[in-house]
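Written out below as structure tokens is the structure these notes cover.
Each value in this text was obtained by applying a stated rule to the coordinates, not by laboratory testing. As the structure is a prediction and not an experimental result, all values here were calculated from the model. Glycine gets a Cβ as well: all are built from the backbone with ideal geometry, and neighbour counts include every protein chain shown.
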Amino acid sequence: MNEAQWQSLYEQACSVREKAYAPYSQFRVGAALLTKRGGVFLGCNIENAAYSPSLCAERGAIAAAVAAGDRELAAICIVADKLASPCGVCRQVLFQFGTKIRVRSYAADDPQKFQEWSSSELLPDGFDLKPHG
Ligand code: THU
């Protein structure tokens, strides 16, 4: 991943963040996912009155990539009000699709402010089960 690629993902994550549906937390998150084939898929958080059905931006973007048949994930860029460290569920879902996915989290007000990890740094010794077939 080079800085121009991150810049492009950052801009797309900022745009999709505007679509976030976060009436309960008011914490708006956008995610832009790059696949090894060069596909870009976007997601935003979608909250729910019953709380637990709420969807994080990261999982929305991963769902879009998988539905497009493009599931070799290279990198995901997350933009939120402040640096958002991906939740445990999103870490497990990322890990399912690769241990070397680059993950960057940015603060929306400052593209210089970010944190970066690999998917296995986010979930050391993550649960793995070889799928059947
Ligand atoms: N959220 C995300 O979408 N991604 C993260 O990495 C952290 C949390 C969402 C879930 C919820 O809608 C809101 O942010 C507050 O937790």
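For the criterion of being within 25 Å of Gly126 (Cβ to Cβ) and assigned to a loop (DSSP other than H, G, I, E, B), Arg91 fails. Checking each residue in the range 1-38 for being in contact with a strand residue (DSSP E or B) (Cβ under 8 Å, 6 or more places away or on another chain), in a loop (DSSP other than H, G, I, E, B) and either surrounded by 18 or more Cβ atoms within 10 Å (Cβ to Cβ) or free of Cβ contacts under 8 Å to residues at least 40 places away in the same chain (or both) picks out Glu18, Lys19, Ala20, Ala22, Arg28, Lys36.
Residue count for the range 17-51 satisfying the condition of being within 11 Å of the ligand (Cβ to nearest atom) and either under 17 Å from Val103 (Cα atoms) or not β-branched (Val, Ile, Thr) (or both): 19.
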